[in-house]
Amino acid sequence: MSTAITFLGVAGYEIVGPEYRILLDPCLSANPDRPIEPDDLETPDAILVSHAAFDHFGDTYAIAARTGAPVICGGDVRNLLLAMGLPSEQVRATVWGIVTKVGNVLVRPVECHHWSQAQLPNGQWISGVPLGFIVEPEPGVRIYHYGDTAIFGDMRLIKELYQPTIGLLGCTQPQHFLKQVPGPGWFLTGELSPREAALAAEFLGVKLALATHYLDLQNTEGVEYREVQEFLAAVHELDTTGSRKAMALEVGETLIVDGDVYRKERRL
């Protein structure tokens, strides 16, 4: 058996295991370098949305409306999807601790230190609880998606309880989207700095720390490239196991997980 993890950009992934296909935070239309169009994605068995930010909610509604795929998300994202026209029976709201199963897809929502706000079509603003996720596409492959969390000490508890093997950990900010965020000043880090993301990998005890939350690794002079490289170096520096691996995928690249063997392929 093997699992394929394809990076769609920002924190979006398609994860294909032996029994099911899931989408996580599929943001494609807003990505100028998207590796695939939303309409070209195969029908997922479930779509998981960590929170309502536009670069994570992304194309969830369009993909769900086209494919009929069920969506697992927080309460505010559910209300947004219903207001946009998705039928109630297609959207399951959950929160930390409520393990949820849709078809063959079992999802464990976990604590996430972030925010989630959405504006409904009528202009009303709503807020809800952001989610991290753990999914197990095949026995022994337990993938943690950080959901835009900041670092917190109880990541050690997630390790103790659920033993994730792969961590999708944000360590930078997509600069293309930062230009669209209004307000004075500027952001100096993402929700996790590169070193905090590496420490999160240590807290979680993952075997593989996978960088995420970026679009552009081609520009070797850019912030995203530099911070991803800092993350990769810090993972090894802070690793007390002596065996943790650290990797970063290009947008459109796929990681094949075959036991404890990891290899990259270009599929998109």
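Can you put Phe7, Phe203 in order, fewest other beta carbons within 10 Å first?
Numbers: Phe7 25, Phe203 20.
Fewest-to-most Cβ neighbours within 10 Å comes out as Phe203, Phe7.
Within 10 Å of each residue's Cβ, count the other Cβ atoms and sort Asp148, Asp55, Asp45, Asp40 from fewest upward. Spell out each step's value before the answer.
Working: Asp148 27, Asp55 22, Asp45 18, Asp40 9.
Ascending Cβ contact count within 10 Å gives the list Asp40, Asp45, Asp55, Asp148.
For the stretch 41-179, just say rounded, prolate or oblate: build the C-alpha gyration tensor, square-root its eigenvalues into a ≥ b ≥ c, call rounded for a/c under 1.5, and beyond that prolate if a/b exceeds b/c, oblate if not.
Working: a/c = 1.69, a/b = 1.26, b/c = 1.34.
In terms of gyration-tensor shape, oblate.
How many Lys pairs in the chain lie less than 18 angstrom apart by Cα atoms, where the lysines are 8 or more positions apart or on different chains?
On the way: Lys159/Lys207; Lys159/Lys245; Lys207/Lys245; Lys207/Lys264; Lys245/Lys264.
Summing the qualifying lysine pairs gives 5.
How high is the relative contact order of the stretch 3-266, in percent, with contacts defined as C-alpha pairs under 8 Å that are six or more residues apart?
Numbers: 628 pairs, mean separation 44.2, N = 264.
Across the stretch 3-266, relative contact order equals 17 percent.
Taking θ as phi - 60°, what are the ³J(HN,Hα) couplings along the stretch 163-178 by the Karplus curve (6.51, -1.76, 1.60), each to the nearest whole Hz, with x for Gly and Pro?
6, x, 9, 10, x, 8, 10, x, 9, 7, 10, x, 5, 4, 7, 4
Starting from the Cα gyration tensor of the stretch 7-73, take the square roots of the eigenvalues, sort them a ≥ b ≥ c, and report rounded, prolate or oblate (rounded when a/c is under 1.5, otherwise prolate if a/b is larger than b/c, else oblate).
rounded
Scanning the chain for GluC sites (Glu not before Pro) in DSSP loops with at most 12 other Cβ atoms within 10 Å, what's the longest stretch left with none?
Details: sites that count: Glu19, Glu42, Glu221.
The longest uninterrupted stretch comes out as 43-220.
Order these by the 10 Å Cβ neighbour count, fewest first: Phe231, Phe57. Display every interim value, and only then the final one.
Numbers: Phe231 27, Phe57 22.
Sorted ascending by nearby Cβ count, the order is Phe57, Phe231.
Tell me the trypsin sites (Lys or Arg not before Pro) within the stretch 170-268 that lie in a loop according to DSSP and have at most 15 other beta-carbon atoms within 10 Å. Please report the intermediate quantities before stating the final value.
On the way: sites: Lys179, Arg195, Lys207, Arg226, Arg244, Lys245, Arg263, Lys264, Arg266, Arg267; in loops: Lys179, Lys207, Arg244, Arg267.
Counting only loop positions with at most 15 other Cβ atoms within 10 Å, the trypsin sites (Lys or Arg not before Pro) in the stretch 170-268 are Lys179, Arg267.
Checking understanding here: applying a Kyte-Doolittle mean of at least -0.5 and a length along the axis of at least 24 Å (C-alpha), which whole DSSP H helices in the chain pass?
On the way: long enough: none.
Membrane-span-like by this rule: not one helix.
Under 1.5 on a/c is rounded, so check that first for the chain, then, if it is not, pick prolate when a/b is larger than b/c and oblate when it is not; a ≥ b ≥ c are the square roots of the alpha carbon gyration tensor eigenvalues. The partial results should precede the final answer.
Values: a/c = 1.39, a/b = 1.20, b/c = 1.16.
Judged from the Cα gyration tensor, the chain comes out rounded (a/c under 1.5).
Could you tally the net charge around Ser243, taking each other residue with its Cβ under 13 Å from the Cβ of Ser243, Lys/Arg +1 and Asp/Glu -1?
Working: positive: Lys207, Arg244, Lys245; negative: Glu202, Asp239, Asp260.
Surrounding charge for Ser243 is 0.
Bear in mind these aren't lab numbers, they're just calculated from the coordinates by the rules spelled out. Treat the numbers as computed from the prediction; the structure is a model and nothing was measured. All Cβ positions, glycine included, derive from the backbone under ideal geometry; neighbour counts span all protein chains shown.
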